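*Asks:* Just passing along the structure, written as C-alpha cells.
The values are calculated or read from the model by the stated rules, or taken from the named source; none is laboratory data. Predicted, not measured: the structure shown is a model, and the values here were computed from it. Glycine also receives a Cβ, built like all others from the backbone with ideal geometry; neighbour counts cover every protein chain displayed.
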Amino acid sequence: MGLVAYEVEGKVAVVTVSNAPVNALSQAVRAGLSEAIERFQSDAEADIAVICGAGRLFLGGADITEFGKPPMSPGLPEVINQIEASTKPVVAAVHGAALGGGLEVAMGAHYRVALAGAKLGVPEVKLGILPGAGGTQRLPRLVGVETALSMITSGAPITAEAGVEAGLIDKLGVGGDARAAGVAYAQELLAGGAAVRPTGAIAPPEAVDFAAVQAKLKAKARGEVAASVAAEAVEAATRLPFAEGLAEERRLFMTLMDTPQRAGLIHAFFAERAVAKLPEIVGVAPRKFGHIGVIGGGTMGAGIATSAALAGLVVTLVEREQAAADTARDTITRNLNAGIKRGKLSEATRDAILSDKLVTTVGYEGLSQADLVIEAVFENMEVKKQVFAELDRVLPAGAILATNTSYLDVDEIAASTSRPADVIGLHFFSPAHIMKLLEVVVAGKTAPDVVATAFALGKRLGKTSVRAGVCDGFIGNRILAHYRTAADHMVLDGASPYQIDKALVEFGFAMGPYQVSDLAGLDIGYMTRQRKLADAHPRDRAPTFADALYHKGWLGQKTGHGYYIYDEGSRVGRKDPEVEEIVAQARADAGVTPRAFTDEEIVRRYMAAMVNEGARVLAEGIAQRPSDIDVVFLAGYGFPRWRGGPMQHGDAQGLESILADIREFAEQDDHYWKSAPLLEQLAREGRSFDSLNKS
C-alpha cells in the first residue's frame, strides 16, 4: 500500500493516510490525497468519502523534514481547497490527534467525526508561524472568534469532547476504530440525504474587540510576534469574503516565514528532539526504576518526590528525624493539592499517591529495595559523602546512586563509594515537580546503562533531560555564574540593577538577573561566592553590594526584601532607593566613577558573556552540542524561546559581531573579557555554532 490508499466500501470511498509514525503531510501524502479526491469525484460507485489515518493518529501536520526547503507542489492549501470543493460529501474521521495541517484538512472536509479523547489543535504559533492552510479562516467560522483565538494564539489543543461542544466536531465516534466510526457516520449521512457543506461557505463570524485582544497578546508575548499576527489573520475572517481572507492569511503567513523568530523557534523545536540522542546509550537498555528513594525532604527533595509519585513510581523519602519526615509529607501533600487546584490531577489520584505510592520515613533501611536513590541534601561535599557512604552500605547491587548537586564534583562523590559506575548526577531545578529541565551529569566512571536509566527516568517524569559533563555548575549554572558576573560588573560601573532587569525582560527573558536572585534567595549567591573565595583571582571584582544585602538579612522574596521590596502577599517587587544607596557605596569603596549604560549595551554585554562561556563549555566537552546549551537555557533559565537559545542567538548576531564586542569590552577589563578559543576559531573559519550541531 502507498502512503495514501483508496478503496470503496459500499457507497463509501475510504481514503487512508499511512505515513508512520505521525502521518505527516509530506509532499507524497499531499499528492496522494489530491489524487484520491480527484478519483472520488469521478467514481460512480462512491457517493461519500471518508478520510482517516492509519496507526495511532489522524494527521500530524507538516513534515518537519521539509522545513527550510523550497515548497513542493501540491501545497497543503490547494489540497484542502480541493477537498472542500468536492461535489460529493467528504467526512474526516479523527482519532489520536489532528494537529496543525491535520486539523486544517479536517476543517476542509464537510463533516467531522472524532473518537473520544482525540486532541485537536493548531500549534503553529509555537514554531513562529500561523495556521497557513485556511486554519485562521475556517476555525472561526466553525467555533466562533473567541474559541478560535484561544486555540490559535496559544497553540494549545482541545479534546474531541470539547470540539463537539464548540462546533468543531459534528459527532463523537463510538469505539476505538476511526475508520469504522467514519464509515458508520458516512452511511448515516447518506441515509439522511446529507449534501456537501463547505466550511468556507459559512458566513463570516462576528468580530470581537481585536484592539483589546492585541493589547493582551503583546503584553504576554515579551516580543514574540506570531500570536499577534495570527490574531490579525483571524480578524480578517470577520471582515473579508472567504477567498480574500485566505489570501490575507497567506500574506501574513509568508511575513512570519521571513522572521528570525521563526528560525529561532524551529531551532528550539529540533534542539529539543536531538537532546536525548546520545551515541553512548544507543541500544543500551535502562535498568529498572519502579521504586525511587529520595534523601532529604526540603523544598527540592519534596519536589523530586512529588514528581516521581505523580509519574506513578513508588517513592520512599528519608529524613533524619520523624518531625522532618512529617513536614516533608505535608509539603508533598501541598504540592499535590496545588495540582488539584490547577486541574492537573484529581482528589482520588492524590489520595492514591499518599496511601499507596509514598512513604516518608527515618533512616536508610527503608531503601533496601530501592532501584534508584536521589540525594537532595545540603550542598556540602562532606555531607554528601556521608550520605553516599550510607547508600553504598544499604542499597542492593545494581541500584543507582544519584546526587542532585547543583555545583559539586560528581566524580569526587562517586569515588567515595565502592561502586562509582552506579553513580550519576541528576540536577533538578526548583520547584522540581514543575520545572522541566533535568541536567544528567555523567561522571567519568558512570556506566552506560546508568546514563540510559537517567534519561528513561527523565522521560517518565516529563522532564527535558540534557547530558552534562562534570565541572563547577555543569552547563547551566556554570554559564549563569559567568554572565551574572557581567551583570554585577555593570552595576559596579554605573548601571542600576533595575535597569538591567528591565533591559533583559524587554529582550525577552522571563525575569532579569536581580529578580531571579530575589526568587532563588540571596543566600544562595552568597554561599556560592564564599565557596569560591579561596580560588578567587586578585583581579576578580567582587559584588560587595550583594554581600551587603545578605548581611542585612534581605534574602529576597522569602524575607520580603532583597533587591526589591515585596509587600505582603505580593510576588511582584518594587524598587528600593536604599538598594541604590548600598550600590553607590560599593562603587565608592571600589574607587569607581559611575557611568551611564544604554539598554542596548547591557544586552550586548550580557549575551556576549553567555555565548563566550558557552563556547568554553563546548570546547571542554561539558555540553555535547551547542543546541544542548540552548535547550538548557530554554527549559531552565527563562531564555526567550523565540530567540532559540544563547548559541542560536550568537549565530543570529554573527560570531564576528560577538567577538568584536568582547574585544571592545576587553579594552576596559582584559581579565574578565577573554574570548574563548572555540569562538575565535569558528569566527575565523566563517562557521557557526550550528555547524557543530550537524557535525
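Residue-by-condition table, conditions (1) crowded, with 20+ Cβ neighbours inside 10 Å; (2) in contact with a Phe, Trp or Tyr (Cβ under 8 Å, 6 or more places away or on another chain); (3) modelled with pLDDT under 95:
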| site | (1), (2), (3) |
| --- | --- |
| K218 | no, no, yes |
| A221 | no, no, yes |
| R239 | no, no, no |
| F253 | yes, no, no |
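*Asks:* So, one more: Taking K502 as the residue in question, decide whether it is in contact with a strand residue (DSSP E or B) (Cβ under 9 Å, 6 or more places away or on another chain), surrounded by fewer than 20 Cβ atoms within 10 Å (Cβ to Cβ) and part of a helix (DSSP H, G or I). So that I can check it myself, show each step before the final result.
*Replies:* Working: in contact with a strand residue (DSSP E or B) (Cβ under 9 Å, 6 or more places away or on another chain): no; surrounded by fewer than 20 Cβ atoms within 10 Å (Cβ to Cβ): yes; part of a helix (DSSP H, G or I): yes.
No; evaluated as a whole, the condition is false for this residue.
Rundown of residues vs (1) assigned by TED's automatic domain parsing to the domain that holds A186; (2) aliphatic (A, V, I, L, M); (3) surrounded by fewer than 24 Cβ atoms within 10 Å (Cβ to Cβ); (4) at pLDDT 95 or above, yes/no style:
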residue: T87; (1), (2), (3), (4): yes, no, yes, yes
residue: A93; (1), (2), (3), (4): yes, yes, no, yes
residue: G102; (1), (2), (3), (4): yes, no, no, yes
residue: G117; (1), (2), (3), (4): yes, no, yes, no
residue: L130; (1), (2), (3), (4): yes, yes, no, yes
residue: G135; (1), (2), (3), (4): yes, no, no, yes
residue: A148; (1), (2), (3), (4): yes, yes, no, yes
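Conditions (1) of a type in the set (G, A, S); (2) more than 30 Å from A219 (Cα to Cα), marked per residue:
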site	(1), (2)
A109	yes, yes
A116	yes, yes
I129	no, no
G135	yes, no
S154	yes, no
E161	no, yes
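*Asks:* Take the residues of the stretch 446-476 that are in a helix (DSSP H, G or I) and of a type in the set (K, R): which is surrounded by the fewest Cβ atoms within 10 Å (Cβ to Cβ)? I'd like the intermediate steps shown before the answer.
*Replies:* Here is the first cut: in the stretch 446-476, the ones in a helix (DSSP H, G or I) are 448-460, 476.
So of that shortlist, the ones also of a type in the set (K, R) come out as 459-460.
Numbers: K459: 15, R460: 17.
Step by step, filter the stretch 446-476, then rank; the result is K459.
*Asks:* Between Y526, Y514, which is in a helix (DSSP H, G or I), buried (at least 16 other Cβ atoms within 10 Å of the Cβ) and at pLDDT 95 or above? Quick ask: steps written out before the conclusion?
*Replies:* On the way: Y526 fails: at pLDDT 95 or above.
From the options Y526, Y514, the qualifying one is Y514.
*Asks:* Identify, from the list T299, T306, the residue that is of a type in the set (S, T, N, Q), touching a helix residue (DSSP H, G or I) at 6+ places or on another chain (Cβ under 6 Å) and under 28 Å from E379 (Cβ atoms).
*Replies:* Values: T299 fails: touching a helix residue (DSSP H, G or I) at 6+ places or on another chain (Cβ under 6 Å).
On inspection, the qualifying residue turns out to be T306.
*Asks:* For V466, all conditions in the list (1) modelled with pLDDT of 95 or more; (2) over 17 Å from the mean Cα position of the chain (by Cα) hold save one; what is the number of the exception?
*Replies:* Here V466 meets the rest and fails (2).
*Asks:* Ok, one more. Tally the residues that are of a type in the set (S, T, Y) and part of a helix (DSSP H, G or I), restricting the search to the stretch 661-695. Before the answer, list the steps.
*Replies:* Of all residues in the stretch 661-695, those of a type in the set (S, T, Y) come to 672, 675, 688, 691, 695.
Subset that is part of a helix (DSSP H, G or I): 691.
Here the count works out to 1.
*Asks:* Against the definition (more than 30 Å from V451 (Cβ to Cβ), surrounded by 15 or more Cβ atoms within 10 Å (Cβ to Cβ) and either of a type in the set (V, I, T) or free of Cβ contacts under 8 Å to residues at least 12 places away in the same chain (or both)), how does T327 come out, yes or no? Break it down into steps so the answer makes sense when it comes.
*Replies:* Working: more than 30 Å from V451 (Cβ to Cβ): yes; surrounded by 15 or more Cβ atoms within 10 Å (Cβ to Cβ): yes; either of a type in the set (V, I, T) or free of Cβ contacts under 8 Å to residues at least 12 places away in the same chain (or both): yes.
So T327 fits the description; yes.
*Asks:* Tell me which residues, restricted to the stretch 178-205, are part of a loop (DSSP other than H, G, I, E, B) and either touching a helix residue (DSSP H, G or I) at 6+ places or on another chain (Cβ under 7 Å) or basic (K, R) (or both).
*Replies:* First pass over the stretch 178-205, keeping only residues part of a loop (DSSP other than H, G, I, E, B): 192-198, 202-205.
Across the stretch 178-205, the qualifying residues are R197, P198, I202, P204, P205.
*Asks:* Which of the residues spanning the stretch 310-353 are in a helix (DSSP H, G or I), of a type in the set (G, A, S) and touching a helix residue (DSSP H, G or I) at 6+ places or on another chain (Cβ under 9 Å)?
*Replies:* Restricting attention to the stretch 310-353, the residues satisfying the condition of being in a helix (DSSP H, G or I) are 310, 322-341, 347-353.
Still in the running and of a type in the set (G, A, S): 323-325, 328, 338-339, 348, 352.
Passing the criteria: A328, G339.
*Asks:* Now a separate question. Could you go through the stretch 273-293 and let me know if any residue there is more than 26 Å from I80 (Cα to Cα), part of a helix (DSSP H, G or I) and in contact with a Ser or Thr (Cβ under 7 Å, 6 or more places away or on another chain). Write out each step before concluding.
*Replies:* Just the residues of the stretch 273-293 that are more than 26 Å from I80 (Cα to Cα), to begin with: 273-293.
Applying the additional criterion that residues be part of a helix (DSSP H, G or I) yields 273-274, 279-281.
If we keep only those that are in contact with a Ser or Thr (Cβ under 7 Å, 6 or more places away or on another chain) too, we end up with 274.
Scanning the stretch 273-293, I find at least one residue that is more than 26 Å from I80 (Cα to Cα), part of a helix (DSSP H, G or I) and in contact with a Ser or Thr (Cβ under 7 Å, 6 or more places away or on another chain), so the answer is yes.
*Asks:* Considering (1) farther than 15 Å from V294 by Cα; (2) without any contact (Cβ under 8 Å) to a residue 60 or more places away in the chain; (3) not hydrophobic (A, V, I, L, M, F, W, C), say which one N335 fails and leave the rest.
*Replies:* With respect to (1) farther than 15 Å from V294 by Cα; (2) without any contact (Cβ under 8 Å) to a residue 60 or more places away in the chain; (3) not hydrophobic (A, V, I, L, M, F, W, C), N335 is out only on (2).
*Asks:* Right, something else. It is to be established whether one or more residues within the stretch 227-239 are in a loop (DSSP other than H, G, I, E, B), out of contact with any Gly (no Cβ under 7 Å at 6 or more places or on another chain) and touching a residue at least 24 places away in the same chain (Cβ under 8 Å). Reasoning before the result, please.
*Replies:* Residues of the stretch 227-239 in a loop (DSSP other than H, G, I, E, B): none.
Scanning the stretch 227-239 turns up no residue that is in a loop (DSSP other than H, G, I, E, B), out of contact with any Gly (no Cβ under 7 Å at 6 or more places or on another chain) and touching a residue at least 24 places away in the same chain (Cβ under 8 Å).
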